[in-house]
Structure formats: C-alpha cells, structure tokens
Amino acid sequence: MPISPHQKIINTIVREAFKPIGVKRKGQSRVWLDDNGLWTTVIEFQPSRWKKGTSLNIAVCFQWYPKEYYSFDVRFFREIKFVEFESEEQFKHQVQVLVDEAKPIILHIRNLFSDKKSLKEHVINKLNENSSIWSKYNRGMVCLISGDIDQAIQFFQQVTDDIEDREWTKEVKGIAQKLLKVLASEENYLPFIESLVNKSRELKKLKPYSTSKI
C-alpha cells in the first residue's frame, strides 16, 4: 500500500531528528520508542480517523509488568491541537515544530529517570492524585527501585487491598503479593524484578535487561 504524502513527511522529519539520539520507530507505526530498560519513552504521532495529519503524545511506559502493549503510565506531553495536512510545505513546518518540542522532552525524561531519587520523586508526585491500581503498583515499584522498602510495602499492600476485582487486576494483585512475600523474607528482590521486566520486554520483542544496571 502506497505511503501517503503526509505520512512520508512525518517519517522523514522524525527519523532525521530522532536517529542521532537513538530513538527508534516501532515497526511501520507512528510510534517511536526511547528504550531505557526498566522504562520506555513512547512518542506517538497520533493519527485521526477523519483527517490527514497528526497530534503528539509523549509518555513513559514502565516495563515491570508483563504485557505486550505500550501503556501511557506517566504522561509528559499531549498536543491537543491536531495538525492537519493542507499542503506539503505547511505540514513540514508544523511537524518540525512538534519534533522540536518532542526532542528536549525525550532527553529530559532520560536525565530525570536515570537517577533513582528523581525517578521516585517525579512518579510519586505525578501519580499522587491517581487512585487506580496501576498508580499504586507503579509507585510501589519506583520506591522499590530506589531502595525505599517501607514505602514500597505500603503501596503494594494498597494494591492487594484494592476493591477492583476484574480478572486482570487479580494478576496485578498476585504480583504485588509475591513482592510482599519476598520483601518480608528479606530476600534479594532484584531477580524477581528482572524476571518481570524481561517477560514484558520479551512480549514486546525487546532485548533482555539486567538489574545489575540499577
């Protein structure tokens, strides 16, 4: 199937900007990934069903829950205004504007999350008003990664106590229960985290990750 002119423009401009900083395209999609092992920054040039063009979403997907899809666990940017394709020159300019906004955000996330203390502080603050089971789970994990065992236990206990009882939440609660047992036994919890991360990465066809990098 031929690639449309507006899609060619997106591909070309994004590739030229992102390749030097190691951000790669996900297959033939409009999603680009900055993979950092425990977490991946997801940059989506979101299409519309009704118009030719794009908007922009940037978020972090944590890899410590096994799933084959990319979730927007912590949002960093969302361009509400849709950039519609009207002409090649007009669209090139507007896509370049989006890319110029995206690039420093990607590099900022890398820097912010590369430090365990700033990772924990940002995620705790960002998800503080979110009462979902995912928010509790992710806050527990960043506490665990940063070495704050007591706070991690509190969040994992909140996960197991969550009133949501749909089938997928049972899996999340099951992992939280296993983590609580490991922490109660004072065993090394890093191998268990590594197994979760690598199962998630395998499902997404990403290379294995070693928690020795933590």
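The values are calculated or read from the model by the stated rules, or taken from the named source; none is laboratory data. Computed from a prediction, not measured in an experiment: that's the story for all the values here. We work out accessible area using only protein heavy atoms, side chains counted, and drop any ligands, DNA or RNA first. Shrake-Rupley method; radii C 1.70, N 1.55, O 1.52, S 1.80 Å.
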field: Residue with peak Gaussian network fluctuation, the chain [Cα springs, cutoff 10 Å], from W32, W64, W134
entry: W134
- prompt: So how tilted is helix 88-113 from the main axis of the chain? Cα-based, degrees 0 to 90, rounded to 10.
  reply: 20 degrees
- prompt: Tell me, what % of the accessible area of the stretch 148-201 is carbon and sulfur with a 1.4 angstrom probe?
  reply: 48 percent
- request: Please work out the average accessible area per residue across the chain, using the 1.4 Å probe convention, and give it in Å².
  value: 55 Å²
field: GNM flexibility winner over the chain from A102, A17, A184 (Cα, springs under 10 Å)
entry: A184
task: Would you grab the residues whose amide H sits under 5 Å from the one on V83? Only those 5+ places off in sequence or on another chain, please, with H modelled 1.01 Å from N.
output: T54, S55
query: In the stretch 1-94, what is the count of Lys pairs whose alpha carbons are under 22 Å apart, counting only pairs at least 8 residues apart or on separate chains?
result: 18
Derived scalar couplings ³J(HN,Hα) [the stretch 124-140; Karplus, 6.51 cos²θ - 1.76 cosθ + 1.60; whole Hz; x for Gly, Pro]: 4, 5, 5, 9, 4, 8, 9, 9, 5, 5, 5, 4, 5, 5, 5, 5, x
message: Just to be sure I understand: with springs between alpha-carbon atoms less than 10 Å apart, which residue in K92, K126, K51 has the highest mean-square fluctuation in the Gaussian network model of the chain?
response: K51
